[in-house]
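Undergrad: First the structure, then my questions, so here it is.
What follows draws every value from the coordinates through simple rules; no lab data is involved. Note that this is a predicted model, so its numbers are computed, not measured. Don't worry about glycine lacking a Cβ; one is built from the backbone with ideal geometry, like all the others, and counts go over all protein chains shown.
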Amino acid sequence: MFSQIHEIVFHGKGGYDWDTIYNMPVWLRRFTFEKIKEYYDKEREEMEKQQGTLNNNNPKDLARPNIAPKQQSNQPTYVTKAPKK
């Protein structure tokens, strides 16, 4: 019972005080607890879904999604001088 009261007060974001929850009818306290639990479970699922989609994408793709990746060329990355004749 006390842990349930604590969870409602703590996760209620200041909407409930301890005395109000303690004196609340049991059925209403259980209902309030379940609604707060559902809210935070749904919020956690949404965050996990967002993190999953971000982990599957390359950060460069997110910054510029319409730009194709640069093609590899056969040109050397160094410069040489042609021999003198």
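Undergrad: What are the extents of the Cα atoms of the range 2-53 along their three principal axes, listed from largest to smallest and rounded to whole Å?
TA: That works out to 44, 20, 16 Å along the principal axes.
Undergrad: Less than 12 Å Cβ to Cβ from K49, Lys/Arg counted +1 and Asp/Glu -1: what total charge do the surrounding residues give?
TA: Spelling it out: positives minus negatives among the neighbours equals -2.
Undergrad: Now for a separate question. Could you give the length gained on full extension between R30 and T53, defined as 0.36 nm per residue of separation minus the Cα-Cα distance, in nm? Before the final figure, lay out the partial values.
TA: On the way: separation 23, 0.36 × 23 = 8.28 nm, distance 3.46 nm.
Value of the extension gain: 4.8 nm.
Undergrad: For a paramagnetic label modelled at 7 Å from the Cα of R44 toward its Cβ, which residues of the range 3-38 fall within the zone defined by backbone nitrogen distances under 12 Å?
TA: From the range 3-38, the list is 37-38.
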